[in-house]
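Read-outs throughout are calculated quantities, based only on the coordinates presented, and are distinct from any laboratory measurement. Note that the structure is a prediction, hence the values are computed from the model and not measured. Every residue, glycine as well, gets a Cβ built from its backbone with ideal geometry; the counts of neighbours run over all protein chains shown.
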Amino acid sequence: MNGRKSFGGGGRGKSATGQQGKDGQRRPMFRRRKVCKFCSDKIDDINYKDVRMLMPFVPERAKVLPRRISGTCALHQRKLRTAIMRARQLALIPYTTE
Amino acid sequence: MNRKYELVYVVSPEASDEQVTDLHTQIESTVQKMNGQIEKTENWGRRKLAYEIGRHKEGTYVLEVINGTGDLMKEIDRRLKVIDLVIRHLVVRVDEEQGVVERTKARRGDTSRRRRVARGLPPERQPGEGQRGDVDDDRDDRFDMGEELR
């Protein structure tokens, strides 16, 4: 059996493992490859009305969680952004917290 | 050219239920006057606002799905701006987005069915096949032996 972690559609590509630094130092850090939540869960429409789905992407300061942290793919991040901006207009999600 | 729009408006918490229904009938009459129709109305009830608007901390949310022209939505937008009872509103066109979603869904279904048939499985998912993720992980079948060889 290969030791691959079971993960939705992210089977392709190497997982990001620790690399050798320039000065020959080993980085034992192992990063699991991030997978877009919307791709793996097959969520097609990112809707501004579904606040519960959007909340994990707006952490405490109510900023949009960047892609490099959430692992969301570009297409879904774009859709997520519009959804969050719409929800903000309707005061479903805050613009900022005091 | 008829298009599908979603309208959400937030009514001030001081408004009575009659005032909210009154607002709805007002919108309905505007829609009918301009040859549109209301597909769906949803009252989300009173919700806490994420931030204060004016001095309000709460609001009653109402969603309407409207079929109509752009001019109709312009008119509704103009009217809602004038009404002080409505503290916030948003009009979004949804028909294009919905079409895209349906197409992706259909395409995904087709691919999955085709792949299942290619693997010699019935085209639809059977109950008790396990999680979706587990099945996807099995795609790597380079080292798999056929059932009969094992």
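Hey, fewest Cβ within 10 Å first, where do B:LYS33, A:LYS49 land in order? The partial results should precede the final answer.
Numbers: B:LYS33 10, A:LYS49 18.
Fewest-to-most ranking of B:LYS33, A:LYS49: B:LYS33, A:LYS49.
Take every Cα pair under 8 Å in the range B:3-97 that's 6+ residues apart, average their separations, divide by the length, and report that relative contact order as a whole percent.
Values: 155 pairs, mean separation 46.2, N = 95.
Contact order relative to length: 49 percent.
Fewest to most neighbouring Cβ within 10 Å: what's the order for B:ASP84, A:ASP41? Write down the numbers at each step before the final one.
Details: B:ASP84 8, A:ASP41 14.
Ranking B:ASP84, A:ASP41 by Cβ neighbours within 10 Å, fewest first, gives B:ASP84, A:ASP41.
Pairs of lysine in chain B with Cα under 18 Å and at least 8 positions apart or on different chains: total?
Numbers: B:LYS4/B:LYS33; B:LYS4/B:LYS40; B:LYS4/B:LYS74; B:LYS33/B:LYS74; B:LYS48/B:LYS57.
Final tally of qualifying lysine pairs is 5.
If you average 1/r over all unlike Cα pairs in the range B:3-97 and invert the result, what Kirkwood radius do you get in angstrom? Intermediate values should be presented prior to the final figure.
On the way: mean 1/r = 0.0740 Å⁻¹.
Taking every pair of different Cα atoms in the range B:3-97, averaging 1/r and inverting gives 13.5 Å.
Using a Gaussian network model of chain B whose springs link C-alpha atoms within less than 10 Å, name the residue from B:GLU14, B:GLU39, B:GLU124 with the highest mean-square fluctuation.
Ranking B:GLU14, B:GLU39, B:GLU124 by mean-square fluctuation puts B:GLU124 first.
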